[in-house]
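The values are calculated or read from the model by the stated rules, or taken from the named source; none is laboratory data. Just so it is clear, the structure is predicted and the values come from calculations on it, not from any experiment. Note that each Cβ is placed from the backbone with ideal geometry, even for glycine, and that neighbours are counted across all protein chains shown.
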Amino acid sequence: MRADRIMALALALGALGCLLLAYVAVNRLKAARRGARTLENALERRAAMAAARAETDARAAPGGVPLGAVPQARYMTAPATAQRGEAGAPGAPPLAAPPRTIAQQLTAWRARCGQAGARWLDTPLGRQVVAAEDRRLIEQCGFVDINARGLFLLSRLACALAAPPLAGWLWGADVPGAYRIAFVAAAFTIGFMVPKFALGRRAAGRRGAVADEMPVLVDLLRLLQGVGLSLDQSLQVTINDFRAMLPVLAGELELAQRQFVAGRTREQSLQRLAASFDNEDLRAVVRLMIQVDRHGGAVQEPLKQFGDRLRETRRARLREKIGQLTVKMTGVMILTLLPALLIVTAGPGLLAVIRSLAGVHR
């Protein structure tokens, strides 16, 4: 691999990162200016309407409303409103559609790409590229739209096709001719697997977040059920008010609530939540919620016991991690502290032995 090409790739990635940061900053500045301009226009319109109303009241105060007062006030306020382009002004031209921002254009382009990839999902190539395991990973990552699967298909194909030229450009002529086919095949395979690796990492993070959020969810359900709320109200309060504490489970519960409102049963709406994350505790909570929705009953005590068991399981997991960390730190201490300790303790004696042996030889 040539150093100049690695440096060029690093500079290109750094420039791309700077461009993205500049894009975010410019969008925020535009939004701030747009908000200030909108507020200023609203204040001007309100001031003009107040001035026109005050003038109309002043003319009507002495002896009723004069003959030409209302048309004159309408004549005074209509042109200013028409100049600002209000839809309700008489004679005003229709409002033109505002130009789309770069973010909206990127969103529309992404939607078109997702729809184009979704057309290939049911083909033999689509079933091979996006297998059942990949679709489950996509669901675990929180992407439930079919366009997300289409984007994943296109990203795998694009990375697989772009990886061999990029790897060849980085390595240049350093690869022997006999190994170029294997080199291209390896680059193609790595590029094809990179999107799946990214999905797996995100899915693993969300599974860990679900395991961490489970005790909080159980305690919230117990408290909300204890104050007399129904299951539907408890879930709605959890989604609306505790999203910052439960970022993953709140989104999943919101999706289940939308499916329930759309006409599915409680069991059907919570089936995806129970089957997606490979978490037996989550399955138990889902079964408990289905039972409460179907038969009712007091669930404070079962939820309390379940929460205590979750906390005990979490403490045991933390103890296991601490034990593993202690073993790992032993190796680190041997590699780092032991040489320094030997130098400090045995160094003076070793130097004295060397000096005495040197004196004997002389």
It is to be established whether one or more residues within segment 274-292 are of a type in the set (Ser, Thr, Tyr) and modelled with pLDDT under 85. yes
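For (1) within 30 Å of residue 168 (Cβ to Cβ); (2) among the polar types (S, T, N, Q); (3) modelled with pLDDT of 75 or more; (4) touching a Ser or Thr at 6+ places or on another chain (Cβ under 7 Å), each residue gets a yes or a no:
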site	(1), (2), (3), (4)
13	yes, no, yes, no
19	yes, no, yes, no
55	no, no, yes, no
60	no, no, no, no
76	no, no, no, no
85	no, no, no, no
91	no, no, no, no
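Of all residues in segment 192-228, which are among the small types (Gly, Ala, Ser) and touching a residue at least 60 places away in the same chain (Cβ under 8 Å)? Talk me through it step by step, then tell me what you get.
Step one: filter segment 192-228 for residues among the small types (Gly, Ala, Ser), giving 198, 200, 203-205, 208-209, 211, 226, 228.
Hits for segment 192-228 are 200, 203, 211, 226.
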Could you tell me which numbered condition residue 278 fails, if it satisfies all but one of (1) surrounded by fewer than 16 Cβ atoms within 10 Å (Cβ to Cβ); (2) at negative phi? (2)
Scanning for something surrounded by 10 or more Cβ atoms within 10 Å (Cβ to Cβ), free of Cβ contacts under 8 Å to residues at least 60 places away in the same chain and small (Gly, Ala, Ser), does segment 330-337 turn up at least one residue? no
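Is it the case, given these coordinates, that residue 184 is more than 20 Å from residue 248 (Cβ to Cβ) and touching a residue at least 24 places away in the same chain (Cβ under 8 Å)? Step through it out loud before you land on a result.
Details: more than 20 Å from residue 248 (Cβ to Cβ): yes; touching a residue at least 24 places away in the same chain (Cβ under 8 Å): no.
In short, no.
Each row is one residue, and each column tells you yes or no for (1) of a type in the set (A, V, I, L, M, F, W, C); (2) surrounded by fewer than 10 Cβ atoms within 10 Å (Cβ to Cβ).
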{"site": "299", "(1), (2)": "yes, no"}
{"site": "303", "(1), (2)": "yes, no"}
{"site": "306", "(1), (2)": "yes, no"}
{"site": "320", "(1), (2)": "no, no"}
{"site": "327", "(1), (2)": "yes, yes"}
{"site": "342", "(1), (2)": "yes, no"}
{"site": "358", "(1), (2)": "yes, yes"}
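So which of 300, 268 is touching a residue at least 24 places away in the same chain (Cβ under 8 Å) and under 20 Å from residue 234 (Cβ atoms)?
300
Among the listed residues 106, 151, 121, identify the single one that is closer than 30 Å to residue 256 by Cα and at pLDDT below 75.
None of the other options fit; the residue is 106.
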State whether one or more residues within segment 122-140 are touching a residue at least 24 places away in the same chain (Cβ under 8 Å), in contact with a Lys or Arg (Cβ under 8 Å, 6 or more places away or on another chain) and small (Gly, Ala, Ser). no
Would you please name the residue that is modelled with the lowest pLDDT, looking only at residues in segment 124-146 that are within 20 Å of the chain's Cα centre (by Cα) and assigned to a helix (DSSP H, G or I)? 146
